[in-house]
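Some notes on the structure that comes next.
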Amino acid sequence: MMRIAYHASHEQFAPSALRHLAAEAERAGFDAIASSDHLAPWDARNDVCGAAWTWIPTVLSATRLPVSVVTTAGWRYPPLVLAQSIATIGEMFPGRLAVTLGSGEALNEAIVARDWPGKDERNRLLQEHVHAIDEWLRGRTSPDGSRLWLTPDVAPPLSVAAVTRETAAWVGTWWDWLATIGDTPRAARERVEAFRRVRGEHGHVTLKVQICVAPSEEAAIDEAMREWRTVLLDPAELAELRTPEDFERAAASISREHVRERIAPVTSADALGELVEEYARLDPDVIILHDVGRAQDVIRLAQTGVLEEVRTARASR
């Protein structure tokens, strides 16, 4: 059955607040928690960014839900060290951790790699690191003799992030689980179809959908402009900027219309259900809902049972 996850944004909230929100999300009917892994926030005004790998075990202990995280190997984390962290959590909490690996952003990684490589090189390393980490988690030794001395009974599943149609198709040539954004239904469909044309209809998909819950559409757009406008830059620019202040300057010209298109304003439980159902038609394994608003009212709407209605309707088809 399709899972609907609550996104815990370390770029917006302190880890203690996110632990509380994750518990609230479980009570509201979400069936998974998703997490970002950032060294810095997208916007300096938020002035917060906790360490995901420290936070994840506390949430796994405080809830019964599985947790996923988006991260990057090779800069902040040498691949074998990252694999060890994944294996350690996987051993302590069997079957409850999933990891998405991406090519990274300079905001988080260039603090270590001052000579930040181009996208082609980052993609080459991403493919290499995904295969290596998967092998290590399965108890295998790499040709250079690298191995883990602890492996979980069940290797945590790995997915690969893509934010363009071209990258999604490329992922499909070598991996069976795509993680992408639900910025608009049309753009999401194009990426998912590009992946599945190569990988086949049974390729796994995770969709992260950005919304803003507020009493009115205009209030939702106001809030999204304040909280998440900096993340709506072109993917190439998103990967190259190095500081939150750089993001603020680059995003100054992003319009309300662009924000409205990319971050869905949600004003009711019915509207939330309709939006989730629209993305559910793409037949993803997981939909992650990220409410970019400060109030996190997506949890309140979920308490109406609307997410369970969507899951049940999809399962019956």
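Consider segment 193-217. How many of its residues are touching a residue at least 40 places away in the same chain (Cβ under 8 Å), among the hydrophobic types (A, V, I, L, M, F, W, C) and in contact with a Phe, Trp or Tyr (Cβ under 9 Å, 6 or more places away or on another chain)? Write out each step before concluding.
First, pick out the residues of segment 193-217 that are touching a residue at least 40 places away in the same chain (Cβ under 8 Å): 204-217.
Now drop any that are not among the hydrophobic types (A, V, I, L, M, F, W, C), which leaves 205, 207, 209, 211-214.
With the extra rule that they be in contact with a Phe, Trp or Tyr (Cβ under 9 Å, 6 or more places away or on another chain), the set shrinks to 205, 207, 209, 212.
Result for segment 193-217: 4.
The number of residues in segment 154-166 being within 23 Å of Pro94 (Cβ to Cβ), assigned to a loop (DSSP other than H, G, I, E, B), at pLDDT 95 or above and in contact with a helix residue (DSSP H, G or I) (Cβ under 8 Å, 6 or more places away or on another chain) comes to 2. Filtering Ile263, Ile181, Ile254 for residues that are closer than 29 Å to Ala110 by Cα, in contact with a Cys (Cβ under 8 Å, 6 or more places away or on another chain) and not aromatic (Phe, Trp, Tyr) leaves a single hit, Ile263. Consider Ala194 carefully, then state whether it is crowded, with 22+ Cβ neighbours inside 10 Å, part of a helix (DSSP H, G or I), in contact with a Cys (Cβ under 9 Å, 6 or more places away or on another chain) and of a type outside the set (Lys, Arg). So Ala194 does not fit the description; no. Inclusion of Ser36 among residues that are at pLDDT below 95 and in contact with a Ser or Thr (Cβ under 7 Å, 6 or more places away or on another chain) is warranted. Against the list (1) under 16 Å from the mean Cα position of the chain (by Cα); (2) within 30 Å of Phe93 (Cβ to Cβ); (3) not hydroxyl-bearing (Ser, Thr, Tyr), the condition Gly203 fails is (1).
Could you check, for segment 98-108, whether at least one of its residues is out of contact with any His (no Cβ under 9 Å at 6 or more places or on another chain), surrounded by fewer than 18 Cβ atoms within 10 Å (Cβ to Cβ) and at pLDDT 95 or above? Walk me through how you get there before you give the answer.
From segment 98-108, those out of contact with any His (no Cβ under 9 Å at 6 or more places or on another chain) are 98-100, 102-104, 106; that's our starting set.
If we keep only those that are surrounded by fewer than 18 Cβ atoms within 10 Å (Cβ to Cβ) as well, we get none.
No, there is no match, as no residue in segment 98-108 is out of contact with any His (no Cβ under 9 Å at 6 or more places or on another chain), surrounded by fewer than 18 Cβ atoms within 10 Å (Cβ to Cβ) and at pLDDT 95 or above.
Criterion applied to Val298, Val276, Val310 was being among the aliphatic types (A, V, I, L, M), farther than 18 Å from Ser68 by Cβ and surrounded by 14 or more Cβ atoms within 10 Å (Cβ to Cβ), and the one residue passing it is Val310.
Quick check on segment 166-191: of everything there that is crowded, with 20+ Cβ neighbours inside 10 Å and polar (S, T, N, Q), which residue is nearest to Gln127 (Cα to Cα)? Here the residue is Thr167.
So, of the residues in segment 167-186 that are in a helix (DSSP H, G or I) and touching a residue at least 12 places away in the same chain (Cβ under 8 Å), which turns out to be farthest from Thr72 (Cα to Cα)? Spell out how you get there, then give the answer.
Within segment 167-186, the first condition is being in a helix (DSSP H, G or I), and the residues that meet it are 167-172, 185-186.
Checking the rest, the ones that are also touching a residue at least 12 places away in the same chain (Cβ under 8 Å) come to 167-172, 185.
Working: Thr167: 16, Ala168: 17, Ala169: 20, Trp170: 18, Val171: 15, Gly172: 19, Pro185: 26 Å.
That would be Pro185.
Mind checking whether some residue in segment 247-263 is surrounded by 18 or more Cβ atoms within 10 Å (Cβ to Cβ), closer than 30 Å to Pro157 by Cβ and in contact (Cβ under 8 Å) with a residue 40 or more places away in the chain?
Narrowing segment 247-263 to residues surrounded by 18 or more Cβ atoms within 10 Å (Cβ to Cβ): 247, 251, 259, 262-263.
Right, trim to closer than 30 Å to Pro157 by Cβ and you get 262-263.
Those still in the list that are in contact (Cβ under 8 Å) with a residue 40 or more places away in the chain too: 262-263.
There is at least one residue in segment 247-263 that is surrounded by 18 or more Cβ atoms within 10 Å (Cβ to Cβ), closer than 30 Å to Pro157 by Cβ and in contact (Cβ under 8 Å) with a residue 40 or more places away in the chain.
For segment 71-97, a residue qualifies if it is within 23 Å of Leu18 (Cα to Cα), outside any loop (DSSP other than H, G, I, E, B) and out of contact with any Leu (no Cβ under 8 Å at 6 or more places or on another chain), and the qualifying residues are Leu82, Ser85. Taking the criterion of being part of a helix (DSSP H, G or I) and within 16 Å of the chain's Cα centre (by Cα), would at least one residue in segment 29-45 satisfy it? The answer is no, given that none of the residues of segment 29-45 is part of a helix (DSSP H, G or I) and within 16 Å of the chain's Cα centre (by Cα).
The values are calculated or read from the model by the stated rules, or taken from the named source; none is laboratory data. Nothing here was measured: the structure is a model prediction, and the numbers come from that model. Note: ideal-geometry Cβ built from the backbone for every residue, glycine included; neighbour counts use all protein chains shown.
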